[in-house]
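Below you'll find the structure, written out as structure tokens, and then a few comments.
What follows is calculated from the coordinates using simple rules that are stated; it is not laboratory data. Being a predicted model, the structure only gives us computed values, none of them experimental. Neighbour counts run over all protein chains shown; Cβ positions are idealised from the backbone, glycine included.
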Amino acid sequence: NAGVMQNPRHLVRRRGQEARLRCSPMKGHSHVYWYRQLPEEGLKFMVYLQKENIIDESGMPKERFSAEFPKEGPSILRIQQVVRGDSAAYFCASSPPGTGVYEQYFGPGTRLTVT
Amino acid sequence: AQKVTQAQTEISVVEKEDVTLDCVYETRDTTYYLFWYKQPPSGELVFLIRRNSFDEQNEISGRYSWNFQKSTSSFNFTITASQVVDSAVYFCALSSLNTNAGKSTFGDGTTLTVKP
């Protein structure tokens, strides 16, 4: 059973471009969480999704950021018109239904660099 | 609101020394889970341990041990006979049943450097 997969592992974007980060949860996991880790900081919760639903987006910046988890395919975190402050590591975690409070499997992260 | 505090930003020890990483948490929930993760220089997150709020038994796994004290809201992590490979950033995290399940709160991490 493959772990949580994230791609790309490294992404470089110029200011103003769009960044698309993908997360494929573990097989059988229908819950996905996105976290952001700014340099020298801990992980900060961004959004919690189930298939086709956003459950909690309280940690998402109000503008430029969006997330989806379609019925088929990976979860996508989209950042429009990136700025230097978006440079960070973005981690995705997944869990089976009902276990997210005590069981999250983390992917290797995507490191976004905005130049 | 939930909060996790790791007061030690950086710790440096010499190989074979014991080292304790502190974690203090705040939550109003009665059912919650505490975690420790290791983030080596390669950047991935490695799960180390999970403890639920009803289980205050200390745990030992090889050179690692954890001391959970509900009375002081602490969940400290000790590495015995540290090794260079233990050098990493260590994160303590908290999630609770009553706060949106799955929304983990992380501390800012402690950077441990073990020198040969």
Cα gyration tensor, segment A:46-90 - rounded (a/c under 1.5), prolate or oblate: prolate
Per-residue Cβ neighbour rank within 10 angstrom, fewest leading, B:THR5, B:THR27, A:THR115: A:THR115, B:THR5, B:THR27
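Using the reciprocal of the averaged 1/r over all distinct C-alpha pairs, how large is the Kirkwood radius of chain B in Å? Present the calculation step by step, with values, prior to reporting the outcome.
Values: mean 1/r = 0.0697 Å⁻¹.
Value: 14.4 Å, from the Cα pair sum.
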Compactness index (Cα Rg / 2.2 N^0.38 Å), chain A: 0.99
Farthest toward positive dipole pole in the protein assembly as shown [+1 Lys/Arg, -1 Asp/Glu at C-beta], among B:SER53, A:PRO70, A:TYR33: A:PRO70
Centre separation in Å (Cα based) which lies between segment A:1-49 and segment B:1-51: 21
Antiparallel bridges, percent of DSSP beta bridges restricted to segment B:13-116 (to nearest 5): 95
B:LYS70 paired with A:VAL12, simple spin-label distance in nm, labels 7 Å along Cα-to-beta-carbon: 5.2
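List B:GLU44, B:GLU26 from most exposed to least, where exposure is judged by having the fewest other Cβ atoms within 10 Å.
Numbers: B:GLU44 16, B:GLU26 12.
Fewest-to-most ranking of B:GLU44, B:GLU26: B:GLU26, B:GLU44.
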